[in-house]
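Structure first, then comments.
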Amino acid sequence: MPRGLVEGVVLCRVGEARLAVPCGEVDAIAPLDGPAWDVGLAFGSAAGAVEGKALQCFGQLLRVDSVDVLTTPELTVLPVPSLLTGVADGALTGFVELLGALWPLVSAGHLLEHLRRRAEA
Amino acid sequence: MSEGPRGHLVFACAGSLYAVPAERASEVVNLPALTRVPGAAPHLLGVFAHRGEVLPVIDLTRLIGKPVEERFKRVVVVRVARGAMAFTATRVIGVNPIPGALPRLGETGALAFMSGPATVPAGECAAIDPEGLLEYLSRGR
């Protein structure tokens, strides 16, 4: 699979895990103030965290512990290994190398769907 | 497929021995810090970037249902036509011949892609079919 590019990402930390969401999929970032889908669920954490930041995406809220916005014009996206194709209901779209670490790049829409399915399971 | 002996890289993982066809084992590297993957199964410990590609790390003990709290220091990178993956290892034994015709260790799950036991100088090992196992794991198992 060829490498792609992404323009700007929101870097999110959830416990010891981290992920990146394309800036174009995030409408707003605000302190958590109400119900939100807890991204920690995708990493096996228990739901119930009430502090952190909320990312508004597609009219819904994603909860994370902290965020940083990186507006680098073009970031190289490393492709998803074949073994991980389809993981998290297709939310994983690649990886970016930033700040000396590898960040899973996710589609916010698919991640919301994945969290909804996990919550129902 | 020939049923004659083939050279396999034998390695230990938490007290058990495993083997992969030597031509599929591309290298052994020290286990770096891993990046966790959202939605991944427990046996997928995480990923790391290596030579410009992202490699998933499979904990063989968890994969076959033997959770062992052990800190792995190395991984064996295995490459097949469809992609690459890395298996946790505590020690690399070496290359030994293993017969091609061995019974599968299970009918379902990951054990269906392991055969043996094969006797090598270090003991008995399970021979991994990396193509089949990657295909199986790619289906979200």
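Tell me yes or no: at least one residue of the stretch A:13-21 is of a type in the set (D, E, K, R) and open to solvent by less than 60 Å² (accessible area, probe 1.4 Å). Yes: the stretch A:13-21 contains one or more residues that are of a type in the set (D, E, K, R) and open to solvent by less than 60 Å² (accessible area, probe 1.4 Å). The residues of the stretch A:51-70 that are on the phi > 0 side of the Ramachandran plot and open to solvent by 60 Å² or more (accessible area, probe 1.4 Å), listed by number, are A:PHE58, A:GLY59.
Of all residues in the stretch A:71-121, those that are facing chain B (nearest Cβ under 9 Å), closer than 20 Å to A:GLY59 by Cβ and open to solvent by 70 Å² or more (accessible area, probe 1.4 Å) total 1.
Checked against the criterion of being part of a helix (DSSP H, G or I), in contact with a strand residue (DSSP E or B) (Cβ under 9 Å, 6 or more places away or on another chain) and in contact (Cβ under 8 Å) with a residue 12 or more places away in the chain, the candidates A:LEU83, A:LEU115, A:LEU61 yield just one match: A:LEU115. Quick check: is even one residue across the stretch A:42-64 facing chain B (nearest Cβ under 10 Å), among the small types (Gly, Ala, Ser) and touching a Pro at 6+ places or on another chain (Cβ under 7 Å)? Checking the stretch A:42-64: at least one residue is facing chain B (nearest Cβ under 10 Å), among the small types (Gly, Ala, Ser) and touching a Pro at 6+ places or on another chain (Cβ under 7 Å). Selection within the stretch A:22-50: residues that are touching a helix residue (DSSP H, G or I) at 6+ places or on another chain (Cβ under 8 Å) and in a loop (DSSP other than H, G, I, E, B). The member of this set that is surrounded by the most Cβ atoms within 10 Å (Cβ to Cβ) is A:VAL26. B:ALA33 meets all of the listed conditions (1) surrounded by fewer than 17 Cβ atoms within 10 Å (Cβ to Cβ); (2) of a type in the set (A, V, I, L, M, F, W, C); (3) closer than 29 Å to A:GLY4 by Cβ; (4) at pLDDT 95 or above but one, namely (4).
For B:ARG82, the requirement of being of a type in the set (Lys, Arg) and buried (at least 16 other Cβ atoms within 10 Å of the Cβ) is not met.
Can you work out which of the residues in the stretch B:8-30 that are in contact (Cβ under 8 Å) with a residue 40 or more places away in the chain and open to solvent by 30 Å² or more (accessible area, probe 1.4 Å) is farthest from B:ARG82 (Cα to Cα)?
Per the criteria, the residue is B:GLY15.
Checking every residue in the stretch B:73-85 against the condition of being within 9 Å of chain A (Cβ to nearest Cβ), assigned to a loop (DSSP other than H, G, I, E, B), at pLDDT below 95 and under 30 Å from A:THR76 (Cβ atoms) gives at least one match. Within 12 Å of another protein chain (Cβ to nearest Cβ), over 23 Å from B:PRO32 (Cα atoms), without any contact (Cβ under 8 Å) to a residue 60 or more places away in the chain and part of a strand (DSSP E or B) - does that describe any residue in the stretch A:3-18? Within the stretch A:3-18, none of the residues are within 12 Å of another protein chain (Cβ to nearest Cβ), over 23 Å from B:PRO32 (Cα atoms), without any contact (Cβ under 8 Å) to a residue 60 or more places away in the chain and part of a strand (DSSP E or B). Considering every residue within the stretch B:88-101, establish whether at least one is modelled with pLDDT of 95 or more, surrounded by fewer than 18 Cβ atoms within 10 Å (Cβ to Cβ) and on the phi > 0 side of the Ramachandran plot. Yes; the residues of the stretch B:88-101 include at least one that is modelled with pLDDT of 95 or more, surrounded by fewer than 18 Cβ atoms within 10 Å (Cβ to Cβ) and on the phi > 0 side of the Ramachandran plot. Please work out which residue is nearest to A:VAL39 (Cα to Cα), limiting yourself to the stretch B:44-64 and to residues that are assigned to a loop (DSSP other than H, G, I, E, B) and touching a residue at least 24 places away in the same chain (Cβ under 8 Å). The residue in question is B:ASP59. The set of residues in the stretch B:102-141 being surrounded by 14 or more Cβ atoms within 10 Å (Cβ to Cβ), hydroxyl-bearing (Ser, Thr, Tyr) and outside any helix (DSSP H, G or I) consists of B:SER115 alone. Within the stretch B:15-65, being within 14 Å of another protein chain (Cβ to nearest Cβ), of a type outside the set (A, V, I, L, M, F, W, C) and touching a helix residue (DSSP H, G or I) at 6+ places or on another chain (Cβ under 8 Å) holds for B:ARG36, B:PRO38, B:GLY39, B:PRO42, B:HIS43, B:PRO56.
Give the residues of the stretch A:93-112 that are assigned to a strand (DSSP E or B) and touching a Gly at 6+ places or on another chain (Cβ under 7 Å), sorted by residue number.
Result: A:GLY94, A:LEU105.
The values are calculated or read from the model by the stated rules, or taken from the named source; none is laboratory data. As the structure is a prediction and not an experimental result, all values here were calculated from the model. As a convention, Cβ positions derive from the backbone with ideal geometry for all residues, glycine included, and neighbour counts pool all protein chains shown. Heavy atoms of the whole protein, side chains included, go into the accessibility calculation; ligands, DNA and RNA do not. Shrake-Rupley method; radii C 1.70, N 1.55, O 1.52, S 1.80 Å.
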